[in-house]
Amino acid sequence: MTYAIEAEGLVKRFKETEALAGVDLGARRGTVLGLLGPNGAGKTTAVRIFATLLRPDGGRARVAGYDVVRDAATVRSLVGLTGQYAAVDENLTGTENLLLIGRLLGLSRRRARERARELLERFQLTDAAGRAVKTYSGGMRRRLDLAASLVGRPSILFLDEPTTGLDPHSRGELWDLLRGLVADGATALLTTQYLNEADVLADDIVVIDKGRVIAEGTPDQLKSQVGGQVLEVRPLVAEELTRVHALVARAAGAQTQIEGDAVTAPVKDPELMPAVVRSLDREGIAVGELALRRSSLDEVFLVLTGHRAEPAGEAEDDGEAAVREGEAERPKEVSRT
């Protein structure tokens, strides 16, 4: 199979820190590959290598068939990169930001203006085109940032936690925009801490932890690997929650969790639910709700890594920290497209 984005045995070290320890992954053309993992797992390091911002210490990475080290200039001409924080100039207007990038990419003044107008319209920013970006909402800035990465019409996108800090409505708008780009033939590598985002958008998922791939497959395949269903028990009396947790944990094991006002546990044995019902009856605990439902990616993440995903932005990638502290080589400049 020919992949639009591919890594074989990818290794990256920052002094004593091994951010990537032999990562293999591949993104099929015209799909979204979700790259998931705890903070510090190596996700941002991988994105930076694919975007030619960092050189790998071992293994190979290819984008559209081109080696990211040997053919770095060609790779840059084919990709767009959107990071965790908007990179547009807040003192310029939306139009001025896109014009600047177009001119830096070698477009004529007329063509740069046409492209800016096209993108502002596509991203529903026409009414704000003449305003300084510092007056934009967070969602508008993120839309402009994504538009900026598309000025050069890249066929491959790297989206490193692109919806960090956005409200649910703005996040949904970006989801719709990304779906449209992929429907038009683009390929995207998406890192995110919002696991429902990966569930909605990703065709395939790779989970990495401590620089190594620990699971891969479609969202449904990953859910099946860790137990396709989850038992959810909600006691009628909130004060009984701790007792219910202990009772379910005896039957289901250490992966039993308290989530809000309910207790959840992955179902690996079809006898789990009857056993829990009998125990609840024996202990005289009244239940407000007891149900089986499909596993979520958040529960898959918990089983694979031992903890839930951290909210985006609470910690940084090991590679990012090393770059900030001067332990890694200075990143090369890379075009946004």
**Prompt:** Once amide H atoms are built 1.01 Å from N in the peptide plane, which residues 5 or more positions from Gly58, or in another chain, come under 5 Å H to H?
**Reply:** Val11
**Request:** Any of Lys223/Lys268; Lys210/Lys268; Lys15/Lys210; Lys12/Lys43 with alpha carbons more than 23 Å apart? Name them for me.
**Result:** Lys210/Lys268
**Prompt:** How large is the charge dipole for the chain, taken about the Cα centre, if only the Cβ atoms of Lys, Arg (+1) and Asp, Glu (-1) carry charge, to the nearest 20 debye?
**Reply:** 1440
**Asked** What label, among [x] 51, 47, 38; [y] 58, 48, 44; [z] 78, 47, 39, belongs to Cα extents along the principal axes in Å computed from the structure on display?
**Response** [z]
**Request:** Run the numbers on the chain and let me know its relative contact order in percent, using alpha-carbon pairs under 8 Å that are six or more apart.
**Result:** 24
**Item:** 20 °C / 1.002 mPa s Stokes-Einstein diffusion coefficient of the range 3-162, Kirkwood radius on C-alpha pairs, µm²/s
**Value:** 128
**Amide H contacts of Leu92 (H built 1.01 Å from N, under 5 Å, at least 5 apart or other chain)** = Val133
**Message:** Under the 0.36 nm per residue contour assumption, what length would be gained going from the current alpha-carbon distance of Arg278 and Glu90 to full extension?
**Reply:** 61.5 nm
**Fill in**
In this structure, the FRET efficiency calculated for Glu259 and Trp175 from their beta-carbon separation, with R0 = 22 Å, to the nearest 0.05, is 0.35
**Fill in**
Diffing the range 238-244: the Karplus 3J(HN,Hα) column from phi (6.51, -1.76, 1.60, θ = phi - 60°), in whole Hz with x for Gly and Pro, holds 4, 5, 8, 4, 5, 5, 5
**Complete:** Of 134-141, 155-162, ordering from highest average Cβ density within 10 Å down gives 155-162, 134-141
**Asked** Under 19 Å from the 7 Å Cα→Cβ point of Leu236, by amide nitrogen: which residues of the range 248-286?
**Response** 248, 261-263, 276-286
**Complete:** Charge dipole of the range 69-227 built from unit charges on the beta carbon (Lys, Arg +1; Asp, Glu -1), centred at mean Cα; most positive-end Cα among Val182, Gln193, Ala116 is Ala116
**Prompt:** Efficiency by 1/(1 + (r/R0)^6): what FRET value for Asp57 and Glu289, r their Cβ-Cβ distance, R0 = 45 Å, to the nearest 0.05?
**Reply:** 0.30
**Request:** List, in order, the whole-Hz ³J(HN,Hα) value for each residue of the range 184-197 obtained from phi through the Karplus relation with A = 6.51, B = -1.76, C = 1.60 and θ = phi - 60°; use x for Gly and Pro.
**Result:** 7, x, 6, 10, 10, 10, 10, 9, 7, 9, 8, 5, 5, 5
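Taken together, the values in this text are just the output of simple stated rules run on the coordinates, not laboratory data. Just so it is clear, the structure is predicted and the values come from calculations on it, not from any experiment. Positions of Cβ are generated from backbone atoms using ideal geometry, with glycine treated the same way; all protein chains shown enter the neighbour counts.
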